[in-house]
Amino acid sequence: MIIVDDTYCEAFEGLCCQFILTAQDAEFLNRAANAFTALPSTVFGDAEGGIVRWLSERETMDGRLGAIVQLWVTGTGKKATAKFYDQLGRRLRQGILVVPTTAVFDFYPYKTEVKFNMMKNVGHCGDGYEDIIDKFDRKMISIPLMMGYDFLIEEELNYSKGIMGGNLYLFCDSIDSGIRVGREAVKIIAEIDNVCTTFDVCSAGSKIETNFPEIGPSTNHPYCPTLKNRIPSEEFKVPDEVHSIPEIVFNALDLDTIKKTMLKVINGIVSMDGLIKISAGNYGGRLGKYKIFLRELGLKESYFR
């Protein structure tokens, strides 16, 4: 029987925006969505993004293929907000605007107290020839491009506080089963609104302590199967039958969605072959103020022992 650890996931606050990206075909859409969300680099002082889900032509404002994407930055103060606005503009300009036929529409589902005006950090790519137009029942910035059309982005994008760092550790009996179980977990998350995975199936779970602070968090060595017999047995956290521990990391617009995601993922993968144990990452409360106990998610009591 699969064992679920009687432990908790430690999460923290950040700022998030969520919008719909559209393009004329899947090739351009995939390129723009992946360029915008690539390189989860919060630990290096930048931002991290993720794809919430893909949309059909029937689900978008302009009747084209689309994707719901999120961008995040750690922290919620003035410095974090300024960094967020800067990084949002950089990724929009260099990851989306330059991809032919793309457009951007705000898609934050809740009422927020604050919005980013996108003229200064994206709109002025028009070098003074940009306009504000009414289209799709929205105020859109229209930026002329050499391709022969105007890039459209909604004038204001909502943003607000959200929850970062939701996670699960999946203890598996082989690398192949780790990949298979991890991919199923990511697939389940892709069916949930307002949550994204920032690393997909993550091979490199990290810890706060490091011998090399200049590179940020380093490998969570007690959970590295290949370090058996190289670190003290009392420090080593990998059971004998476990040979792979993928981590699934996810951010969501609110705490309830983080909990819902954890519950659905665990229930969705708990009977998969090769999965031995499910746990979560925490650092004794030193990382974030949210402690999400697995036992309080509504799982079957028989999962714990």
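The values are calculated or read from the model by the stated rules, or taken from the named source; none is laboratory data. Predicted model, so just to flag it, every value in this text is computed and none were measured. Cβ sites come from the backbone with ideal geometry, for glycine too, and all protein chains shown count toward neighbours.
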A careful count of residues in the range 192-230 that are in a loop (DSSP other than H, G, I, E, B), touching a Phe, Trp or Tyr at 6+ places or on another chain (Cβ under 7 Å) and under 30 Å from Trp54 (Cβ atoms) gives 1
Would it be correct to say that Met140 is more than 30 Å from Val238 (Cβ to Cβ), among the hydrophobic types (A, V, I, L, M, F, W, C) and crowded, with 16+ Cβ neighbours inside 10 Å?
-> yes
Consider Val114 carefully, then state whether it is touching a residue at least 40 places away in the same chain (Cβ under 8 Å), more than 22 Å from Asp25 (Cβ to Cβ) and out of contact with any Leu (no Cβ under 8 Å at 6 or more places or on another chain).
-> yes
Enumeration of residues in the range 175-230 that are under 15 Å from Val242 (Cβ atoms), β-branched (Val, Ile, Thr) and surrounded by fewer than 17 Cβ atoms within 10 Å (Cβ to Cβ) = Ile175, Ile179, Thr226
Listing of strands (runs of 3 or more DSSP E) fully contained in the range 65-146 that carry 2 or more residues being of a type in the set (A, V, I, L, M) = 65-74, 103-106, 131-135, 138-144
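Conditions (1) over 24 Å from Cys16 (Cβ atoms); (2) hydroxyl-bearing (Ser, Thr, Tyr); (3) touching a Pro at 6+ places or on another chain (Cβ under 6 Å); (4) outside the structural domain of Asn282 (by TED's automatic domain parsing), marked per residue:
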site: Val114; (1), (2), (3), (4): no, no, no, yes
site: Met119; (1), (2), (3), (4): no, no, no, yes
site: Asp127; (1), (2), (3), (4): yes, no, no, yes
site: Met147; (1), (2), (3), (4): yes, no, yes, yes
site: Leu168; (1), (2), (3), (4): no, no, no, no
site: Cys172; (1), (2), (3), (4): yes, no, no, no
Consider Asp256 carefully, then state whether it is of a type outside the set (A, V, I, L, M), modelled with pLDDT of 95 or more and out of contact with any Cys (no Cβ under 6 Å at 6 or more places or on another chain).
-> yes
Of the candidates Ser244, Ser177, the one satisfying the condition of being among the hydroxyl-bearing types (Ser, Thr, Tyr) and either out of contact with any helix residue (DSSP H, G or I) (no Cβ under 8 Å at 6 or more places or on another chain) or under 23 Å from Glu301 (Cα atoms) (or both) is Ser177
Within the range 107-138, restricting to residues that are of a type in the set (Lys, Arg) and under 19 Å from Gly66 (Cα atoms), the one that is farthest from the chain's Cα centre (by Cα) is Lys135
Has the range 89-108 got at least one residue that is modelled with pLDDT of 95 or more, within 15 Å of Ala47 (Cα to Cα) and among the hydrophobic types (A, V, I, L, M, F, W, C)?
-> yes
Selection from the range 112-150 of residues of a type in the set (D, E, K, R) and more than 15 Å from Asp62 (Cα to Cα) yields Glu113, Lys115, Lys120, Asp127, Glu130, Asp131
Any residue in the range 26-45 that is of a type in the set (Asp, Glu) and not in a helix (DSSP H, G or I)?
-> no
Residues (outside any strand (DSSP E or B) and surrounded by 15 or more Cβ atoms within 10 Å (Cβ to Cβ)) located in the range 287-305 = Leu287, Gly288, Leu294, Leu297, Leu299, Tyr303
Members of the range 265-286 found to be buried (at least 17 other Cβ atoms within 10 Å of the Cβ) and either at pLDDT below 95 or more than 24 Å from Pro239 (Cα to Cα) (or both), listed by number | Gly281, Asn282
Lone unmet requirement of (1) surrounded by fewer than 21 Cβ atoms within 10 Å (Cβ to Cβ); (2) free of Cβ contacts under 8 Å to residues at least 60 places away in the same chain; (3) more than 18 Å from Asn117 (Cα to Cα) for Ala67 = (1)
Only one of (1) buried (at least 17 other Cβ atoms within 10 Å of the Cβ); (2) modelled with pLDDT of 95 or more; (3) touching a Gly at 6+ places or on another chain (Cβ under 7 Å) does not apply to Glu57, and that is (1)
